[in-house]
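Since the structure comes first, as structure tokens, the remarks are kept for the end.
The values are calculated or read from the model by the stated rules, or taken from the named source; none is laboratory data. Everything numeric here is computed off the predicted structure, so don't read it as measured data. Cβ placement follows ideal geometry from the backbone for every residue including glycine, while neighbour counts extend to all protein chains displayed. The accessibility values were calculated without ligands, DNA or RNA, using every heavy atom of the protein model including side chains. Shrake-Rupley method; radii C 1.70, N 1.55, O 1.52, S 1.80 Å.
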Amino acid sequence: MDPGRRHRRARVRRRHGTGTGTGTGTDSKRFHHSVVGDLTLSWHGSAVDAEPGLTLLIHTAEPGSPSEEGLRLPASWAASQAADSLDERLSSR
């Protein structure tokens with residue numbers, strides 16, 4: 001494994017607390033978003049069999065939690081921007 005890849009994997013393990021390097025695990029992590037504030041998200045990491053050394057991380061918020069509400073705001077911005085972009089493309093036809 002090249003040194004750059006080894007360094008990136010070590011950074012991900014430190015950031016997500018997987019330590020083992022297997023790319024699998026489940027835990028929670030706190031984030032701070034500059035607009036919505038503190039978020040506590042559960043995460044699950046799974047190794048991607050087709051690509052050795054690659055890990056898929058999925059973060060979720062507890063249903064009904066302040067973190068779920070906090071994630072809805074940026075999600076609504078993204079949805080609004082996508083709808084506006086679609087409207088612009090359709091009206092230019």
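Looking at the range 71-93 only, could you name the residues that are in contact (Cβ under 8 Å) with a residue 12 or more places away in the chain and open to solvent by 90 Å² or more (accessible area, probe 1.4 Å)?
Our first condition is that a residue be in contact (Cβ under 8 Å) with a residue 12 or more places away in the chain; within the range 71-93, this holds for 71, 73-74.
Once the filter is applied, which keeps residues that are in contact (Cβ under 8 Å) with a residue 12 or more places away in the chain and open to solvent by 90 Å² or more (accessible area, probe 1.4 Å), the range 71-93 yields nothing.
Hey, among 21, 4, 17, 25, which residue is open to solvent by less than 70 Å² (accessible area, probe 1.4 Å), at pLDDT below 90, of a type outside the set (Asp, Glu) and in contact with an Asp or Glu (Cβ under 6 Å, 6 or more places away or on another chain)?
Numbers: 21 fails: in contact with an Asp or Glu (Cβ under 6 Å, 6 or more places away or on another chain); 4 fails: in contact with an Asp or Glu (Cβ under 6 Å, 6 or more places away or on another chain); 25 fails: in contact with an Asp or Glu (Cβ under 6 Å, 6 or more places away or on another chain).
The match here is 17.
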With the first residue restricted to the range 30-48 and required to be at positive phi, and the second required to be open to solvent by 60 Å² or more (accessible area, probe 1.4 Å) and in a strand (DSSP E or B), Cβ contacts under 9 Å at 6 or more apart or on different chains are none
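Any idea which residue in the range 43-70 is modelled with the lowest pLDDT, counting only those that are assigned to a helix (DSSP H, G or I) and open to solvent by less than 70 Å² (accessible area, probe 1.4 Å)? Walk me through how you get there before you give the answer.
At the first step, the residues of the range 43-70 found to be assigned to a helix (DSSP H, G or I) are 66-70.
In the following step, the residues that additionally are open to solvent by less than 70 Å² (accessible area, probe 1.4 Å) were identified as 67-68, 70.
Values: 67: 95, 68: 94, 70: 91.
Ranking the qualifying residues of the range 43-70, first place goes to 70.
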In the range 46-63, anything of a type in the set (A, V, I, L, M, F, W, C) and within 19 Å of residue 32 (Cα to Cα) is listed as 57, 58, 61
